[in-house]
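Participant: Please find one structure pasted underneath; my questions will follow.
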Amino acid sequence: MTPLILMTIAGAGIALLLLLVLKYKFQPFVALMLVSIIVALVAGVKPADLVATIEGGMGKTLGHIAIIIALGAMIGRIIELSGGAEALAKTLINRFGNKRTPLALTVAGFMVGIPVFFEVGVIILMPLAYGVARAARKPLLIFALPMCAALLSVHAFLPPHPGAVAAAGQLGADLGRVLMFGIPMVAVLCLIGYVIAGRMTRKTYPMTDDIRSEVYGPHITNEDLVAWANNDYSNTKEATHTKELGLEESASSLAAKLPKAPAPGAGIIVALILLPIILILLGTLATTMLPADSTLRSVLTVLGAPLVALLIDTLLCAWILGSRRGWSRSQVSDVIGSALPGVAMVILIAGAGGVFGKVLVDTGIGAVVSEALRNTGLPVLALGFILTLLLRAVQGSTTVALVTTAGILSPLIASMNLSANHMALLCLAMGGGGLAMSHINDAGYWMFTKLAGLNVGDGLRNWTFLVTVLGTLGFLMTLVLWPFV
């Protein structure tokens, strides 16, 4: 087939994918699989080879990422149900002091966001923001906006979150290097988000009646909130549940069956969050700094393999936060198992993205698309950011945007001979596109705006604007670092 026909097939395939997801509400996994099969057959894959192509793409992708995503979800669930995330947030609030509570919640969002998914992090931390806002007699947005922006930033950029892991897996990037560049970069972005949110929330936005009553009581008006805006902070009292809003955690029934025990210490939670990150970074550094025949290098390489590091951390979490605090073996098993249903579809979506990428390569579409992208003259970082941002803006899901972009770019990347550091920066640039443009087709947008009591317009002016600025700044950081790594 001519390059023009192959390009047309690729464009039609992506358009069909978006049509199925947006208009006909297909589940993304089903849509990706269906489009992959159609594109493969139309572009000339022999029917006898179709199954091998699909299984090859699925197996290659899931062989790298499925274990990492599953173990990361298990760690997050244990920390969540043990009360560790809430304990960490409360400790940070106490340490930072009343006047810096928004900064404390931002730091909590960054740290809690590493082991738990965005939606779970919001459910855990938003009651704390409610309690602080009520006690401080301040608008809720002051506390909620930078905190939730930090949660989403970690979700878009860093492993073990599914989009970042899937993109790195498809492009062949080293997760240790992604973490090495990504953690300080996202930490800076969270602080920038805190500063920008502080300026944005100087204006008090009206809240919906139900959220205003939940946070401040039934007799408080929006005019009262405006009048409170210049008051000093006072001692905080955290809200402990969101039952009235119907926002109980999906695992609440399981949590109720666990034995009552004091919340774990914040130091233990921080150590458990940092342990796999440190092991992965040590494994990455060992391969570059120690001689090939070094015993220490061999040990650190094994311990620093992402799946090994996360497995060790899962076992430690199960013992320290579970068994040692009175959970039976069956309860520990139930808690770990409860993490899997929530990530099963995410893993399948990532695998389907790998299938789509494999189809593009096997049909020759990838080579044609790569040449077309190369001829645009844009740096590969810009291509990754722009493609991910456009897909994120159109269909809403950060994970789908990242895995689809990785499939489109992988043939181009294979021909460029990029260094390991550049591959990591490319993944982070794509993460910037995945963070930006959270708007009305994104479940995260509705979750934040509903919990913060904002209408659609105010949600776009606050949430969408802030995460888009942060995503763009993340891309610009990778652009600045590119010549020096």
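Participant: For the chain, which whole percent of the accessible surface, found with a 1.4 angstrom probe, sits on carbon and sulfur atoms? Could the numbers behind the result be given before it?
Facilitator: Values: 12950 of 19630 Å².
Heavy-atom surface of the chain belonging to carbon and sulfur, 1.4 Å probe: 66 percent.
Participant: Quick check: net charge around Gln395, other residues with Cβ under 13 Å of its Cβ, Lys/Arg +1 and Asp/Glu -1? Don't jump to the answer; show the numbers that get you there.
Facilitator: Working: positive: Lys23, Lys25, Arg392; negative: Asp442.
Combined, the nearby Lys, Arg, Asp and Glu give +2.
Participant: Under a plain spin-label model, where a point goes 7 Å from the Cα along Cα-to-Cβ, how far apart in nm are Ala271 and Ala372?
Facilitator: 5.5
Participant: Turning to a different aspect of this structure: I need the phi-derived Karplus couplings for segment 312-326: 6.51 cos²θ - 1.76 cosθ + 1.60, θ = phi - 60°, integer Hz, Gly and Pro marked x.
Facilitator: 4, 5, 4, 5, 5, 4, 4, 7, 5, 8, x, 4, 5, 9, x
Participant: A further question on this structure: Taking every alpha carbon pair in segment 18-130, what does the distance histogram look like in 5 angstrom bins from 0, in percent?
Facilitator: Reading the bins upward from 0: 2, 10, 14, 12, 11, 11, 10, 9, 8, 6, 4, 2, 1, 0.
Participant: Then there is this: Round to the nearest 10 and give me the degree value, 0 to 90, for the angle of helix 398-414's Cα axis relative to the longest principal axis of the chain.
Facilitator: The answer is roughly 30 degrees.
Participant: For the chain, what does the accessible surface come to per residue with a 1.4 Å probe? Please give it in Å². Display every interim value, and only then the final one.
Facilitator: Details: 19630 Å² over 485 residues.
Dividing the accessible area of the chain by its residue count gives 40 Å².
Participant: Report the number of Lys pairs in the chain whose alpha-carbons are under 15 Å apart, with separation of 8 or more residues or on distinct chains.
Facilitator: 9
Participant: Sticking with this one: What does the convex hull of the alpha-carbon atoms of the chain project to on average, in nm²? Working shown, then result.
Facilitator: On the way: hull surface 95.8 nm².
It is 24.0 nm².
Participant: Have a look at Leu409, Gly366, Leu348 and report the one farthest towards the positive end of the charge dipole of segment 313-424, computed about the Cα centre with Cβ charges (Lys/Arg +1, Asp/Glu -1).
Facilitator: Of the listed residues, the answer is Leu348.
Participant: Sort 33-44, 62-73, 258-269 for me by packing, meaning the mean count of neighbouring Cβ atoms within 10 Å per residue, highest on top. Don't jump to the answer; show the numbers that get you there.
Facilitator: Details: 33-44: 19.4, 62-73: 22.8, 258-269: 15.2.
Descending packing order for the listed peptides: 62-73, 33-44, 258-269.
Participant: Still on this structure: Run the numbers for Leu340 and Val302: contour at 0.36 nm per residue of separation, minus the present Cα-Cα distance, in nm.
Facilitator: On the way: separation 38, 0.36 × 38 = 13.68 nm, distance 2.49 nm.
My answer for the length gained is 11.2 nm.
Participant: For the chain, take the longest principal axis of its alpha carbons; what is the angle in degrees between that and the long axis of helix 175-200, to the nearest 10 within 0 to 90?
Facilitator: 50
The values are calculated or read from the model by the stated rules, or taken from the named source; none is laboratory data. Since we're looking at a predicted model, the values are computed, not measured. Every residue, glycine among them, receives a Cβ derived from its backbone with ideal geometry; neighbour counts consider all protein chains shown. Heads up: the accessible areas ignore ligands, DNA and RNA and are worked out on the full protein's heavy atoms, side chains in. Shrake-Rupley method; radii C 1.70, N 1.55, O 1.52, S 1.80 Å.
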